[in-house]
Amino acid sequence: MKPQDETRDHLNRETTTSSPSSLEGTTAIVTGASSGIGEIIAERFAADGANVVICSRDQKNVDAVAKRIEESGGTALAVECDVTDREAVEALVTATVEEFGTVDVLVNNAGTRFMTDFDVISEDEWKTVIDVNLHGTYHCTQAAGKYLKEGGGTVINIGLSSAASQRGTPHLSHYSAAKAAVINLTTTLAYEWAGDDVRVNCIAPGFVATPAIESGLGISAADIDRNDVERWIALPIEIADIAQLLASPASSHIVGETITVDGVPRIEEMPER
Ligand SMILES: NC(=O)c1ccc[n+]([C@@H]2O[C@H](COP(=O)([O-])OP(=O)(O)OC[C@H]3O[C@@H](n4cnc5c(N)ncnc54)[C@H](OP(=O)(O)O)[C@@H]3O)[C@@H](O)[C@H]2O)c1
């Protein structure tokens, strides 16, 4: 069942047969799902009844995740796909439709980043980061658009916390610029596709305890202290839960939003008097 069909049921509470937050029977593509946030989103969606199609640049990486999902009773299809390669993206969408009949949800999660100063960043490095984070989102969304529009659907982009994407991040100029563009695209596309019953939203995390971040910062998920008032690092499941909400009919009136998932806000403190 398409999420929008479910949405209509959801609005008419008396005919509701399932929870509005259920993904039962929907088909979701999650890009960059071989590790980190994407992997946990795929597991979360599958546990909630979605058929998940997971992709990354390496078949064996996604095969391992698909195997785990299947062993837990879920349904997963693993497809090797570099999101910067338009032909590969078209093949990903075709494989999804052949296996499950349509695309209801697209999560543009594949991303890459590395720290470097703007002065020394090479053209290739700049283009690589823009290519994966921004052009990958463009390729996947445009390729899946026809199916998302067929009966309504949702797109979930993964951006970057507002502090970083709006004000910038030292040593990550390429990454911050790409993510700011993804957030901007979210609003524009939400408007353009609203008439086609496709909701487009974005999640903007701060730091999330994924393998890349853990090794870079020397911090692990086990170190996270939820009693710490600073609580500046999220668990991947805390991002996946928001993705689940945005994918489901429970968020039917959330359109074109970027939801920051960044823990306790950092605000100016009053100076001592
Ligand atoms: N972790 C954070 O603190 C944080 C904060 C804000 C936003 N984000 C965003 O959240 C998303 C996930 O981040 P993460 O920390 O989970 O990263 P991660 O652990 O490094 O995972 C990145 C995923 O993207 C895949 N990937 C990379 N390039 C790809 C390409 N060209 N085509 C297809 N797949 C590709 C990787 O798989 P393969 O290597 O197998 O291809 C991997 O599955 C990214 O968009 C990131 O920018 C993360």
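A few notes on this one:
- Total residues in segment 184-234, condition among the acidic types (Asp, Glu), modelled with pLDDT of 90 or more and touching a Gly at 6+ places or on another chain (Cβ under 9 Å): 2
Conditions (1) farther than 25 Å from LEU245 by Cβ; (2) within 16 Å of the ligand (Cβ to nearest atom); (3) surrounded by fewer than 15 Cβ atoms within 10 Å (Cβ to Cβ); (4) of a type in the set (Phe, Trp, Tyr), marked per residue:
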residue	(1), (2), (3), (4)
ALA66	no, yes, no, no
GLY73	no, no, yes, no
CYS81	yes, yes, no, no
ALA88	yes, yes, no, no
PHE100	no, no, no, yes
VAL107	no, yes, no, no
PHE114	yes, yes, yes, yes
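- Just one of the listed residues (GLY159, GLY136, GLY218) is touching a Cys at 6+ places or on another chain (Cβ under 8 Å) and within 15 Å of the ligand (Cβ to nearest atom), namely GLY159.
- Cβ pairs under 6 Å, 6+ apart, first in segment 25-49 and over 24 Å from ILE213 (Cβ atoms), second surrounded by 23 or more Cβ atoms within 10 Å (Cβ to Cβ) and charged (D, E, K, R): THR26/ASP104; THR27/ASP104
- Within segment 23-57, the set of residues being of a type in the set (Asp, Glu) and buried (at least 24 other Cβ atoms within 10 Å of the Cβ) comprises just one member, GLU39.
- Hits in segment 162-184 - residues which are within 18 Å of THR116 (Cβ to Cβ), small (Gly, Ala, Ser), more than 10 Å from the ligand (Cβ to nearest atom) and part of a helix (DSSP H, G or I): SER173, SER176, ALA177, ALA180
- Applying the criterion of being more than 15 Å from the chain's Cα centre (by Cα) and not β-branched (Val, Ile, Thr) to the residues of segment 185-194, the residue that is farthest from the ligand (Cβ to nearest atom) is ALA194.
- Residue in segment 116-124 that is outside any helix (DSSP H, G or I), among the small types (Gly, Ala, Ser) and buried (at least 23 other Cβ atoms within 10 Å of the Cβ) present: no
The values are calculated or read from the model by the stated rules, or taken from the named source; none is laboratory data. Just so you know, these numbers come straight off a predicted model, no measurement behind them. FYI the Cβ positions are ideal-geometry reconstructions off the backbone, even for glycines, and counts take in every protein chain you see.
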